[in-house]
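Asker: Below: one structure in structure tokens.
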Amino acid sequence: MQAIRSLFVTKWSSDVRLDGKTAIVTGANIGIGKETAKDLAGRGARVILACRDMAKAEQAARDIMREVKGAKVVAKQLDLADTKSICQFAENVYNSEKSLHFLINNAGVAICSYGLTVDGYETQFGVNHLGHFFLTFLLLDLLKHSAPSRVINLSSGAHALGKIEFDDLKGEKNYHPVRAYAQSKLANILFTKELAKRTEALGVSTYSVDPGMVNTEITRHFRRPLGYLVKTFNFLIKTPAEGANTTVYCTVTPENELLNGGFYRDCAQAENCRAGSDDGTALKLWAVSCHLLGIRWR
């Protein structure tokens, strides 16, 4: 069984150090986010765990500091379902940090029942896309000041099933949890593509990542038959540490070895779906996102 599993898990390692660098990892209290934060802390980076639940975030920080000698980790509250919370988090960062080299937009919700964010957006689109879009907008000045810097957006292979329903972004007409999730993950790809064009000259590069199927808490909303398949074929599913590998790869690999705006899977550049390569849709999503959030981002 281990031999079969090895066919699905890419082995990768790097001894690159990140001393003097600062990183933000959203959703870092558990799963891929926590493992990403742990890895970066082990490389000497100062890591901010940006999480909704402060009790869990502070516990995660203690865990990392216990497991990684000399780890510089701090927890800060961030609720991506609430633009007010995002503003407060960004203000806190500007008040406490002199630089920001890596923004890792890792947090997310998956295949959940219909709901709305505090600001009235469909939950999966609101958290997975709009929340991170707004957070990146607010932190861009610090990223530019700290250039060269990077933004890494976690997407999913499910993006290939997605379509941006511009006439029903709130999911009021025909909500389906899988379609809504796929739409939000496609939005991550398109956001990455457009952001890369707009910030490359500023010294900020951007990458999107598919961590693969990982055994994390995000699967808690999975129902039959998906939930059954996850349990049955668990031996083929990555651990959170393995799931974090591609994120870390895009964080530490020299820029001249990566494609700005590119999509990465298993620590290598990968092809996204046709919809994820549509410049027109990416531009329209950018404009619509700015309109929904009430911001001007040229």
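The values are calculated or read from the model by the stated rules, or taken from the named source; none is laboratory data. Please read these numbers as outputs of a predicted model, since none were measured by experiment. So basically every Cβ, Gly included, is an ideal-geometry build from the backbone, and we count neighbours across all protein chains shown.
Asker: Out of all the residues in segment 150-164, is one or more out of contact with any Lys or Arg (no Cβ under 6 Å at 6 or more places or on another chain), closer than 25 Å to Arg298 by Cα, aliphatic (A, V, I, L, M) and not in a strand (DSSP E or B)?
Answerer: Yes: one or more hits.
Residues checked against (1) assigned to a loop (DSSP other than H, G, I, E, B); (2) out of contact with any Lys or Arg (no Cβ under 6 Å at 6 or more places or on another chain); (3) among the charged types (D, E, K, R):
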position	(1), (2), (3)
Ile64	no, no, no
Gln88	no, yes, no
Val109	yes, yes, no
Gly120	yes, yes, no
His129	no, yes, no
Thr136	no, yes, no
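Asker: Check Lys76 against each of (1) touching a residue at least 12 places away in the same chain (Cβ under 8 Å); (2) assigned to a helix (DSSP H, G or I) and name the one condition it does not meet.
Answerer: (2)
Asker: So, one more: Could you please find all residues in segment 246-263 being farther than 11 Å from Ile189 by Cβ and within 18 Å of the chain's Cα centre (by Cα)?
Answerer: Residues of segment 246-263 farther than 11 Å from Ile189 by Cβ: 246-260.
Matches in segment 246-263: Thr246, Thr247, Val248, Tyr249, Cys250, Thr251, Val252, Thr253, Leu258, Leu259, Asn260.
Asker: Something else now. If I ask for residues that are in a helix (DSSP H, G or I), under 21 Å from Phe133 (Cα atoms) and without any contact (Cβ under 8 Å) to a residue 40 or more places away in the chain, which ones from segment 271-294 would you list?
Answerer: Answer for segment 271-294, where residues must be in a helix (DSSP H, G or I), under 21 Å from Phe133 (Cα atoms) and without any contact (Cβ under 8 Å) to a residue 40 or more places away in the chain: Gly280, Ala287, Cys290, His291.
Asker: Under the condition of being crowded, with 18+ Cβ neighbours inside 10 Å and at pLDDT 95 or above, which residue from segment 267-282 is nearest to Asp210 (Cα to Cα)?
Answerer: Out of the qualifying residues, it is Cys267.
Asker: From Glu67, Glu91, Glu58, which residue is more than 20 Å from Ile152 (Cα to Cα), touching a strand residue (DSSP E or B) at 6+ places or on another chain (Cβ under 7 Å), acidic (Asp, Glu) and without any contact (Cβ under 8 Å) to a residue 60 or more places away in the chain?
Answerer: Glu58
Asker: Give the residue, chosen from Asn174, Asn128, that is at pLDDT below 95 and of a type in the set (S, T, N, Q).
Answerer: Asn174
Asker: Turning to a different aspect of this structure: Mind checking whether some residue in segment 259-270 is farther than 15 Å from Lys197 by Cα, of a type in the set (D, E, K, R) and touching a residue at least 40 places away in the same chain (Cβ under 8 Å)?
Answerer: yes
Asker: Could you please give the count of residues in segment 283-298 that are surrounded by 12 or more Cβ atoms within 10 Å (Cβ to Cβ) and either basic (Lys, Arg) or touching a Lys or Arg at 6+ places or on another chain (Cβ under 6 Å) (or both)?
Answerer: Selection size over segment 283-298: 1.
Asker: Further question on the same structure: Mind listing just one residue for me: the one in segment 94-124 that is of a type in the set (Gly, Ala, Ser) and in contact (Cβ under 8 Å) with a residue 60 or more places away in the chain and, of those, farthest from Ser205 (Cα to Cα)? Give the steps one after another, and end with the answer.
Answerer: Just the residues of segment 94-124 that are of a type in the set (Gly, Ala, Ser), to begin with: 96, 99, 107-108, 110, 113, 115, 120.
From what is left, the residues that are in contact (Cβ under 8 Å) with a residue 60 or more places away in the chain are 99, 107-108, 110, 113.
Numbers: Ser99: 16, Ala107: 20, Gly108: 22, Ala110: 26, Ser113: 34 Å.
Looking at the filtered set, the residue picked out is Ser113.
Asker: What are the residues in segment 165-210 that are part of a loop (DSSP other than H, G, I, E, B) and farther than 24 Å from Leu259 by Cα, if any? Quick ask: steps written out before the conclusion?
Answerer: Our first condition is that a residue be part of a loop (DSSP other than H, G, I, E, B); within segment 165-210, this holds for 165-176, 203.
Answer for segment 165-210, where residues must be part of a loop (DSSP other than H, G, I, E, B) and farther than 24 Å from Leu259 by Cα: Glu165, Phe166, Asp167, Asp168, Leu169, Lys170, Gly171, Glu172, Lys173, Asn174, Tyr175, His176.
Asker: Does Val47 fit the bill of being surrounded by fewer than 20 Cβ atoms within 10 Å (Cβ to Cβ), in contact with a strand residue (DSSP E or B) (Cβ under 8 Å, 6 or more places away or on another chain) and not in a helix (DSSP H, G or I)?
Answerer: Answer is no for this residue.
Asker: State whether the residues of segment 105-123 include one that is over 30 Å from Ile164 (Cβ atoms) and either surrounded by 24 or more Cβ atoms within 10 Å (Cβ to Cβ) or touching a strand residue (DSSP E or B) at 6+ places or on another chain (Cβ under 8 Å) (or both).
Answerer: No, there is no match, as no residue in segment 105-123 is over 30 Å from Ile164 (Cβ atoms) and either surrounded by 24 or more Cβ atoms within 10 Å (Cβ to Cβ) or touching a strand residue (DSSP E or B) at 6+ places or on another chain (Cβ under 8 Å) (or both).
Asker: When residues of segment 238-259 are filtered for being outside any helix (DSSP H, G or I) and either at pLDDT below 95 or under 14 Å from Leu40 (Cβ atoms) (or both), how many remain?
Answerer: Here the count works out to 4.
Asker: Give me a count of the residues in segment 31-46 that are under 25 Å from Gln88 (Cβ atoms) and touching a Lys or Arg at 6+ places or on another chain (Cβ under 7 Å).
Answerer: Residues that pass the stated criteria total 3.
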